[in-house]
Amino acid sequence: MRFASTWKSVRLALAAAGLALGTVASASAQTIEWSSGSPGGAWFTQTTGVSAIVMESIPGLNIRVVPGGGKDNPSRIQAGISQIAMGIDFLSKAARDGSDPYKSPMDKVRTLGSTGVAVYFMVYVQADETRSLDKLLADPTLKIGVTPQSTSEYLTLQRALAFYGNSAEKIRAGGGKMIVSAYSELIQGFNDGQFDVLWTAGEIPSGIASQVQDGRRKTKLLPFPAELSKDFAARFGYAEATIKNGSFPALQSADLPVTAMGNLYLVSADLPDDLVYKITKAIIDNRARLPNIYQAMKGFDPADAWTMRPVPLHPGAEKAYRDAGFLK
């Protein structure tokens, strides 16, 4: 796959935050793994930038950023593969409880708190598309693009198809197709007309939206059917939200009801309290730099971040918020 555009955006984000890509390792350096999202997506850029700030703040710490996804990241923490990861509120709770899509409870998953970023599911179609989202999702000839199976986008699309009696298998049998790839590839494929619907999740403002609207196809966003959003909220814990008119002037002409989710930092219970304290403190102390990495991260507020606890707050993180005066 081609990651040139991904690394270009990462380098620009790091430069804006006043950071260099990479860190000098010492002989006694500790290395931990941070699982992000699909290359080309927001999480990959956010994780690269925040990890650079953390490494700058903690001499001798090296953080290896790897691709991941909202669905698989709790499992990576539980298995000890990754020590930090990006997470999603409803999936983190499901991981803790051992409920769908997970097989058993995950007792090692903790949090540093919210990233401050709200994420909305955004579905792009050509501007002259006349069918509503429910009709498209029910169509076995559907041609749609989505990120890999490890991601919340893929999981949520499968749930949406099932709600309308459809599935990936029925789409393949019906002559449609489901393209599964990283965002950089999906955006190019959508702009080239390889498929008709692009299923994504993003923030306001959204780098993905900017790339789509700057492409060759005239595009619009579709609203989520009310019955789908309500079912997702009741059964799985998604949020019902609205993308206000004017958020994406080239892609919408009215308020758009959608399904949404909250983002948080996940961390292993096995990481020492003092290290987690330093990591959390680095994020708190450098919060003014976060929007330079990714604009939507301006929503990070330490006074509220610690309250997002679908899994327990790590003791090291709790101490960092308490010492900074944000947790009484």
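The values are calculated or read from the model by the stated rules, or taken from the named source; none is laboratory data. As the structure is a prediction and not an experimental result, all values here were calculated from the model. Note: ideal-geometry Cβ built from the backbone for every residue, glycine included; neighbour counts use all protein chains shown.
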- Query: Which is surrounded by fewer than 16 Cβ atoms within 10 Å (Cβ to Cβ), outside any loop (DSSP other than H, G, I, E, B) and of a type in the set (Val, Ile, Thr), of THR280, THR242, THR259?
  - Reply: THR242
- Item | The one condition in (1) within 20 Å of PHE236 (Cβ to Cβ); (2) part of a helix (DSSP H, G or I) that ALA201 fails to fulfil | (2)
- When segment 155-175 is checked residue by residue, the ones that are under 17 Å from ARG235 (Cα atoms), in contact with a strand residue (DSSP E or B) (Cβ under 8 Å, 6 or more places away or on another chain) and not aliphatic (A, V, I, L, M) are THR156
- Task: Could you list all residues from segment 287-308 that are surrounded by 16 or more Cβ atoms within 10 Å (Cβ to Cβ) and not in a helix (DSSP H, G or I)?
- Result: TYR294, PHE300, TRP306, MET308
- Could you give every pair whose Cβ atoms fall below 9 Å, whose first residue belongs to segment 265-276 and is under 15 Å from LYS93 (Cα atoms), and whose second residue is of a type in the set (S, T, N, Q) and assigned to a strand (DSSP E or B), counting only separations of at least 6 or pairs across chains? TYR265/THR111; TYR265/SER114; TYR265/THR115; LEU266/SER35; LEU266/THR111; VAL267/THR111
- Message: Being more than 16 Å from PHE248 (Cβ to Cβ), among the polar types (S, T, N, Q) and either at pLDDT 95 or above or crowded, with 20+ Cβ neighbours inside 10 Å (or both) narrows it down to one residue among SER206, SER229; which is it?
- Response: SER229
- Task: Tell me, yes or no, whether segment 84-91 has at least one residue that is within 24 Å of MET297 (Cα to Cα), small (Gly, Ala, Ser) and at pLDDT 95 or above.
- Result: yes
- Item | Candidate set from segment 30-46 (those that are under 10 Å from the mean Cα position of the chain (by Cα) and part of a helix (DSSP H, G or I)); member that is modelled with the lowest pLDDT | ALA42
- Message: Regarding segment 259-276, can at least one residue be identified that is farther than 24 Å from GLY70 by Cα and either among the small types (Gly, Ala, Ser) or at pLDDT below 95 (or both)?
- Response: no
- Task: Tally the residues that are farther than 13 Å from ILE144 by Cβ and either within 20 Å of the chain's Cα centre (by Cα) or surrounded by 23 or more Cβ atoms within 10 Å (Cβ to Cβ) (or both), restricting the search to segment 189-201.
- Result: 1
- Query: Which of the residues belonging to segment 48-74 are surrounded by fewer than 20 Cβ atoms within 10 Å (Cβ to Cβ) and polar (S, T, N, Q)?
  - Reply: SER57, ASN62
- Task: Using the structure shown, decide if THR219 is crowded, with 18+ Cβ neighbours inside 10 Å, over 30 Å from GLN30 (Cβ atoms) and of a type in the set (Val, Ile, Thr).
- Result: yes
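Any idea which residue in segment 260-311 is farthest from the chain's Cα centre (by Cα), counting only those that are of a type in the set (Phe, Trp, Tyr) and more than 22 Å from ASN62 (Cα to Cα)?
Filtering segment 260-311 for residues that are of a type in the set (Phe, Trp, Tyr) and more than 22 Å from ASN62 (Cα to Cα), the one farthest from the chain's Cα centre (by Cα) comes out as TRP306.
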